[in-house]
Amino acid sequence: MSLTDLMLGPRPEEPGPPIGGPAGYPPEVTDRLAADAATIIARYPKPRSALLPLLHLVQAEDGYLTAAGIAFCAAQLDLTDAEVTAVATFYSMYRRTPTGEYLVGVCTNTLCAIMGGDAILEALENDLGVHPGQTTPDGLVTLEHVECNAACDYAPVIMVNWEFFDNQTPATARELVDAIRSHQAPTPTRGTPVCPFRQTARTLAGLSAESDPGEGGAPGAATLAGIRVARDLGMSTPQASGTGTSATDSGD
């Protein structure tokens with residue numbers, strides 16, 4: 001099938017199951033998580049402000065959000081399970097089903113779709129033998145489609161455990177997942193080295209990464225194209241004082 005044969009448009013809704021899994025943790029797990037939770041909560045002036053990183057903490061424990069994780073967060077912050085669940089189900093980074101070692105997300109929003117995102121997602125569905133929201137039998141890859149990776153300047157984009165893989169094609173996407181299935185940690189186009197999903201969740205919780213984070217993170221040429229055009233045109237941004245700041249004074 002060629003790109004011109006694909007129907008572009010919204011992807012069908014993926015199931016959003018209720019949060020399940022075990023209802024509680026063994027005492028030794030609760031004690032270990034409580035020590036990490038105390039470190040996280042201490043960073044905030046109000047304990048409930050720590051809810052998002054605590055959800056990442058329990059996701060690092062289970063690979064997805066479970067009833068046990070919800071109950072743990074609620075107990076740590078003096079919230080109800082319903083209050084925690086309302087937050088957890090709002091954000092797509094919190095998984096409600098078991099997640100593989102590598103979460104491969106393909107952007108199918110407007111620009112990525114036009115540039116080939118739909119073709120990439122279809123290629124990976126065929127190659128992996130799973131649909132979005134499902135995990136390969138070996139437990140290595142969970143495939144999902146995402147609405148936007150906020151990286152339109154490098155469309156089409158794939159994210160693996162939230163690290164960017166820019167300017168993808170069906171062929172490069174297949175090479176990427178083939179490397180993962182051969183137990184080779186992929187190197188992102190930009191950003192820090194890819195680590196397993198649970199380790200990524202622990203890092204997002206604000207706890208120390210277990211591997212060298214690398215340098216990464218600098219904006220690329222496509223991201224800076226707009227400011228370069230502004231410099232060439234001598235454009236400036238108005239300030240409250242009315243003086244303005246020239247684009248030529250802006251750093252990369």
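The values are calculated or read from the model by the stated rules, or taken from the named source; none is laboratory data. Just so it is clear, the structure is predicted and the values come from calculations on it, not from any experiment. Because the Cβ atoms are built from the backbone with ideal geometry, glycine has one as well, and the counts that use them run over all protein chains shown.
Kindly state which strands (runs of 3 or more DSSP E) lie completely within region 107-200 and contain at least 1 residues that are out of contact with any Lys or Arg (no Cβ under 7 Å at 6 or more places or on another chain) and either modelled with pLDDT under 90 or hydroxyl-bearing (Ser, Thr, Tyr) (or both). Walk me through how you get there before you give the answer.
Details: elements: 141-146, 158-160, 163-165.
It comes to 141-146.
Out of the residues in region 69-117 that are of a type in the set (Asp, Glu) and surrounded by fewer than 18 Cβ atoms within 10 Å (Cβ to Cβ), which is farthest from Asn167 (Cα to Cα)?
Asp78
Out of Ala37, Ala88, Ala67, Ala119, which single residue is out of contact with any Cys (no Cβ under 9 Å at 6 or more places or on another chain) and either farther than 22 Å from Gly139 by Cα or acidic (Asp, Glu) (or both)?
Checking each option against the conditions leaves just Ala119.
Within region 77-91, is even one residue modelled with pLDDT of 95 or more, touching a Ser or Thr at 6+ places or on another chain (Cβ under 8 Å) and of a type outside the set (Ser, Thr, Tyr)?
no
Results for (1) in the same structural domain as Ala171 (by TED's automatic domain parsing); (2) touching an Asp or Glu at 6+ places or on another chain (Cβ under 9 Å), shown as yes or no for each residue.
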| site | (1), (2) |
| --- | --- |
| Val58 | no, no |
| Asp62 | no, no |
| Ile70 | no, yes |
| Asn109 | yes, yes |
| Ala113 | yes, no |
| Leu124 | yes, no |
| Asp127 | yes, yes |
| Thr135 | yes, no |
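If I filter region 179-203 down to residues being without any contact (Cβ under 8 Å) to a residue 24 or more places away in the chain and under 22 Å from Glu122 (Cα atoms), which single residue comes out as surrounded by the fewest Cβ atoms within 10 Å (Cβ to Cβ)?
Ser182
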